[in-house]
Every structure is written in structure tokens, then in C-alpha cells.
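Encoded as C-alpha cells, the structure appears first; notes follow it.
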Amino acid sequence: MLTAADLNPPEDVSSFIAAQWVQICSLDEEDGGPVRTKANMRRFAEDRVAGVLTHKKEIDAILVPLLDNWNLYRLGTVERAVLRMGLWEIAYSDVPAPVAINEAIDLTNWFSSPKSKTLVNGVLDKYAKAHPKATRAE
């Protein structure tokens, strides 16, 4: 959803998320049945997508200096989405920074180049270290 929103920014976040679920649920699994999502997984995803899209300007303003003179839009779409979500989790949610960073690295390994994990780890770690309250484990 975040990569779709990055490529075609929505005007209304709630409508965008609802439309994305319609598309996702209409996909056929390999066995020929519609894709189903558990309610808790759906809420988890919606929290992140809505959080990132609602705070996108602030998140991007934080990310740009952390990229060490690298343009945010020169990154791949997946890397931007993962960095935004990781930063949102660290800054705006109760997810401990080490967990958010590890999840971001896992997503990067899964959806992008293994070399991208170094960038994702470095940027999110730099933010977490500069904001110590974000790194405390609850």
C-alpha cells in the first residue's frame, strides 16, 4: 500500500486504504481462492499505512538530513516505503526502535536488494540514536 501511495498519492487516506483492501482481497491465491486477511493483521497494516501517510511530510523532513545529501526520491520506491514505515514506528508508535529497525531490514531483504539493508539500517539507527527515548524497550 505504501509503494502504491508513493507512486500515486491519495487525496483521502481512508478511501485509499479501503480501495487497496478491495484489490488485495480480490487476488487469487495459488489454490484459486480469494486472499483473506485476519482482522488483527488488517488493523496492523492499516495503522502503519494511515500513520505513515498522515505524517508523510514530517517523516520525509526527518529522513532527508539522515540520508547524508542523498535525495529521497533517488531511492527506490521500496526503500522509501520501508524507511518511512520504520521511522513512523520509531517516532510515532510504541514499537521499540530495535524491533522496528529489524523489521525494516527484513522487509528490505524480502522486497529489495540485500545491499539496501545497509542503507535502511544506517538511516533508522542514526535516527534512533539521536532520539534515545525511541530506543528504550518497553
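Of the residues 81, 61, the single one that is modelled with pLDDT of 95 or more, out of contact with any helix residue (DSSP H, G or I) (no Cβ under 7 Å at 6 or more places or on another chain) and hydrophobic (A, V, I, L, M, F, W, C) is 61.
Filter segment 103-121 down to residues that are among the polar types (S, T, N, Q) and either surrounded by fewer than 15 Cβ atoms within 10 Å (Cβ to Cβ) or more than 14 Å from the chain's Cα centre (by Cα) (or both), then give me how many there are. Talk me through it step by step, then tell me what you get.
In the first step, residues of segment 103-121 are kept if they are among the polar types (S, T, N, Q); the result is 108-109, 112-113, 116, 118, 121.
From what's left, either surrounded by fewer than 15 Cβ atoms within 10 Å (Cβ to Cβ) or more than 14 Å from the chain's Cα centre (by Cα) (or both): 109, 113, 116, 118.
Going through segment 103-121 one residue at a time, the tally reaches 4.
Just wondering, is there one or more residues in segment 82-92 that are within 14 Å of the chain's Cα centre (by Cα) and loosely packed, with under 14 Cβ neighbours inside 10 Å? The answer is no; no qualifying residue exists. Considering 81, 104, the condition of being in a helix (DSSP H, G or I) and free of Cβ contacts under 8 Å to residues at least 60 places away in the same chain is satisfied by 104 alone.
What residue, among those in segment 65-78 that are more than 16 Å from the chain's Cα centre (by Cα) and assigned to a helix (DSSP H, G or I), is surrounded by the most Cβ atoms within 10 Å (Cβ to Cβ)?
Only one residue fits best here, namely 66.
Answer with yes or no whether residue 95 is outside any helix (DSSP H, G or I) and either assigned by TED's automatic domain parsing to the domain that holds residue 46 or β-branched (Val, Ile, Thr) (or both).
Against the criterion (outside any helix (DSSP H, G or I) and either assigned by TED's automatic domain parsing to the domain that holds residue 46 or β-branched (Val, Ile, Thr) (or both)), residue 95 qualifies.
In the set (1) among the hydroxyl-bearing types (Ser, Thr, Tyr); (2) within 20 Å of residue 3 (Cα to Cα); (3) in contact (Cβ under 8 Å) with a residue 60 or more places away in the chain, residue 127 fails one condition alone, (2). Is segment 11-22 home to any residue that is in a helix (DSSP H, G or I) and at pLDDT below 90? Yes, the conditions are met somewhere in segment 11-22.
The values are calculated or read from the model by the stated rules, or taken from the named source; none is laboratory data. Note that the coordinates shown come from a computational prediction; the quantities given were computed from them, not determined experimentally. Don't worry about glycine lacking a Cβ; one is built from the backbone with ideal geometry, like all the others, and counts go over all protein chains shown.
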